[in-house]
Amino acid sequence: MTTKFPYQHLLGLRGIPRETIELILDTSRAMKEVHSRKVKKVPTLRGKIVVNLFYEPSTRTRTSFELAAKRLSADTVSISTTTSSVVKGESLLDTAHTLRVMGADIIIMRHSSSGAPHLLAENLNISIINAGDGINEHPTQGLLDLFTIREHKGQIQGLTVTIAGDVRHSRVARSNMWGLLTLGARVRMVGPPTLVPKYVRDLGVEVYTDFDKAIDGADVVNLLRIQKERMTANFFPNLREYNRLYGMSSERLANAKSGVLIMHPGPINRGVEISSEVADGPSSVILEQVTNGIAVRMAVLYLLVTGQRERSTEEGASSLLWEAES
Ligand code: CP
């Protein structure tokens, strides 16, 4: 089977067809194999320049993109907007064009405004990766979550996945939702009624307000952080009440389906959406998600640079292995 990677940018998972998502996940598998080698580096992106441009804080996404680019032998630059000319009032487009004329091949951007990476994609003839835009999407987080689920469960089709918490302000929830629905999962969302948007019902998502009912029989529970930084009002009485109604505890986990995967994109708020016992317990794959993030981001960088041509998934993996040995 041949599959084309037809994109210059990765801005979101909405509208990405099943075969393209599967190509990224299959390529991530080959990239993960590189991680287990003694020399964790292949020359695939030698000579390419990858720029991290983050207007919001990040630990996991920024570091893993940097490691992913380094493992593919790209030159990497990380721009901290607090020490750049952004603080002097330089616009987003002027900043991006400045990086482009210095030779950037790919800009990875996180921004508080939904649609900011789309603006760059429309105006610059280089690849743009969305590392999280406002409350819109965080596509590589969605992909690494899909990859982690597939590694454990074999496939996504037919699984029941519960996404719990502050869905309203979560770009992770949206990217997960698009990817999971495309790959044939049954998606449930649960949280205070103020934090779960009604429109998701029209997309085929089952909406709950009772956490225990929402996790009953679920194969995966993905817990979300309360995004206080994006809240313009009080959406629930207090954190203690939130934890009582929507926090994942050992007691609740004991009633969940055997083999349930507990996921969280991080950073976690221990004692709010998840207890330490669950976060650090055997059902949790939270740190595995972080590790998988490097392989998935390597795959995305690799496909964006080498994509836009017909390939077989086997070719993607084997050419990578060959390049590593040469
Ligand atoms: N999950 C996630 O995006 O984490 P960071 O904010 O640390 O990048």
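Which distance in Å, rounded to a whole number, links the C-alpha centroids of the range 1-78 and the range 129-206?
With the range 1-78 and the range 129-206 each reduced to a Cα centre, they are spaced 21 Å.
With axes computed from alpha carbons, what is the tilt in degrees of helix 286-306 against the longest principal axis of the chain, rounded to the nearest 10 within 0 to 90?
30
What residue among 50, 113, 165 has its Cα farthest toward the positive end of the dipole of the chain, where the charges are +1 on Lys, Arg and -1 on Asp, Glu, each on the Cβ?
Most positive-ward Cα: 50.
Based on the mean of other beta carbon atoms within 10 Å per residue, what is the order of 49-60, 64-75, most packed first?
Most protected by this proxy first, the peptides run 64-75, 49-60.
If you take the Cα Rg of the range 139-288 and divide it by 2.2 N^0.38 Å, with N the number of residues, what do you get?
0.94
Among 79, 247, 279, pick out the residue whose Cα is farthest towards the positive end of the charge dipole of the chain, where Lys and Arg carry +1 and Asp and Glu carry -1 on C-beta, about the Cα centre.
It is 79, whose Cα lies furthest towards the positive end.
How high is the FRET efficiency between residue 91 and residue 7 when r is their beta carbon distance and R₀ equals 25 Å, given to the nearest 0.05?
0.45
Calculated FRET efficiency, residue 203 and residue 18, Cβ-Cβ r, R0 22 Å, to nearest 0.05?
Result of the calculation: an efficiency of 0.85.
So how exposed is residue 169, as accessible area in Å² (1.4 Å probe, rounded to 10)?
10
Treating only the Cβ atoms of Lys and Arg (+1) and Asp and Glu (-1) as charged, compute the dipole magnitude of the chain about its Cα centre; round to the nearest 20 debye.
Roughly 260 debye for the chain.
By how many degrees, 0 to 90 and rounded to 10, does the Cα axis of helix 92-101 deviate from the longest principal axis of the chain?
It is inclined by approximately 40 degrees.
Which entries in the list 153/257; 32/153; 198/228; 48/70; 70/153 go over 22 Å, if you measure between the two C-alpha atoms of each?
70/153
So for the pair residue 230, residue 83, with labels modelled 7 Å out along Cα→Cβ, what separation do we get in nm?
So the two model labels end up 2.8 nm from each other.
Which of rounded, prolate, oblate describes the range 177-260, given a ≥ b ≥ c as roots of the alpha-carbon gyration tensor eigenvalues and a/c under 1.5 marking rounded, otherwise prolate only if a/b is larger than b/c?
It is oblate, given that a/c is not under 1.5 and a/b is not larger than b/c.
Per DSSP H run of at least 4 residues, take -39500 (n - 2.57); add these up for the chain, divide by its residues and hand me the 222 nm value, nearest 500 deg cm²/dmol.
Mean residue ellipticity, 222 nm, calculated: -12500 deg cm²/dmol.
Which value in nm describes the separation of the simple spin-label points at residue 123 and residue 291, placed 7 Å from the Cα toward the beta carbon?
So the label points at residue 123 and residue 291 sit 4.1 nm apart.
Using the Karplus curve 6.51 cos²θ - 1.76 cosθ + 1.60 with θ = phi - 60°, work out ³J(HN,Hα) for each residue of the range 234-251 in order, rounded to whole Hz, and write x for Gly and Pro.
Each residue of the range 234-251 in turn: 8, 9, 7, x, 6, 5, 5, 5, 4, 4, 4, 8, 10, x, 8, 10, 4, 5 Hz.
Put 46, 225 in order of accessible area, largest first, 1.4 Å probe: what do you get?
I get 46, 225, largest accessible area first.
Nearest 10 degrees is fine. How inclined is helix 313-325 to the longest principal axis of the chain, computing both from alpha carbons?
Here the helix axis deviates by roughly 60 degrees.
The values are calculated or read from the model by the stated rules, or taken from the named source; none is laboratory data. Because the structure is a prediction, the values reported are computed rather than measured. Please note: Cβ atoms are built from the backbone with ideal geometry, for glycine as well, and neighbour counts cover all protein chains shown. Ligands, DNA and RNA are stripped out before the accessible areas are found, and what is left, the full protein with its side chains, is counted by its heavy atoms. Shrake-Rupley method; radii C 1.70, N 1.55, O 1.52, S 1.80 Å.
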